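The structure appears right after this line, and notes come after that.
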Amino acid sequence: MQLIEQDQEQLQNLLAEDADQLKQLTILHTAIADKLAELKDTIDTRKRAGPEQAVNIVLSGRGKEIMGTIRSKVDEMLKSEQSALQTERAEWHQSLVDTRNIVVIGTGLIYLLIGTICAFFYTEVERRKNLDVAQQAEARRLERIIALQREIAGCHLDLPSAMSIITHRTQDLTRAQGAVVEMLEGDEMVYVAASGSGERHIGLRLKAAGSLSGLCVAENKVLSCEDTENDYRVNREACRTVKVRSMVVVPLRHEKHAIGVLKVMSSNTKMFNKGDIASLSLIAGVLSAAINDAQMAKTMLAENEGLQKENAAMISQYGLTTPDWIKKQAELNHR
């Protein structure tokens, strides 16, 4: 709680001169407070009325709705900062530092909230004396996904490394024989990262049309196949090439649009269950966030390089030294 309050205070200080951002931050603060209150209510209900009532609170969707508000406000704040960078060329470098701080702190708040939710859930589950095998497996699954989130955060926008880590961890978590990240390029699905049985097929290109991965991207939803030999949606010849009999594909999204899939596969039929699909969906969300962060960083770097080239051209045009250019720029801004 103290860390959250400190981060909120730091955000407020950073945005002190931006009335619009402060307004959004106030809404974000309220949403965070609501989320923390919902967490406390869940824990208190668990202690007072038992796990079933606590689960009912979780399934009510209230927490999910609040998290949606938090993500929406963070997204609005990020977009506002990016727009401001376009109009503040003279202060570009300092603005870039401020924006980076806001992104880091905002992302940190999101991960902190997610980690807190999972930590509370896992702690309460551990305290229960009579866990059955399914509940124990669920707790271990969540713990490993949280660890994966931390591992991906440590990649620092290195997308190939993040994809490699995710394919290997996903294969292990779902007991698959192989895991693949496929990205849509034109009308083809391309194997860009893989582990296990899929690793030797990295670079493989398949027509999106007629494949389960292509259908997943087109419909933007999770799809599963229990037996490739009896499923009209799959490319049977391609499945035979990579020796796949069952698989699950989950869309990878950028700005709500599917741009690829995370896939697990096995040479056995009916290999994957609902728990595997749930795990895969969570991991796909982690990878989608990593792709979005990397794309944002690439865009910001390109914009920065463009501004530097423009400034250099202006300096050359006026025949000014760097100190003279700064004075000239100030004069132009004053006009």
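Nothing in this text is a laboratory measurement; each read-out follows from the coordinates by a stated rule. Being a predicted model, the structure only gives us computed values, none of them experimental. With ideal geometry, Cβ positions are generated from the backbone for all residues, glycine too; neighbour counts draw on all protein chains shown.
Dividing the alpha-carbon radius of gyration of region 167-273 by the rule-of-thumb value 2.2 N^0.38 Å gives 0.94. Extending 7 Å from the Cα toward the beta-carbon at both Asp98 and Lys256 defines two label points whose distance is 3.0 nm.
Net charge around Ile145, counting only other residues with Cβ within less than 14 Å of its Cβ (Lys, Arg = +1; Asp, Glu = -1)? Taking every Cβ under 14 Å from that of Ile145, the sum is 0. Sorting 110-118, 170-178 by average packing, meaning the other beta carbons within 10 Å per residue, from highest down gives 170-178, 110-118.
Take each peptide in 260-266, 234-240, count the other Cβ atoms within 10 Å of every residue, and average; sorted highest first, the result is 260-266, 234-240. Region 203-246 and region 151-166 have Cα centres separated by 26 Å.
Would region 153-208 count as rounded, prolate or oblate if I go by the C-alpha gyration tensor, calling it rounded below 1.5 in a/c and otherwise prolate when a/b exceeds b/c, oblate otherwise? Before the final figure, lay out the partial values.
Working: a/c = 2.42, a/b = 1.25, b/c = 1.93.
Oblate shape, in that a/c is at least 1.5 and b/c is the bigger or equal ratio.
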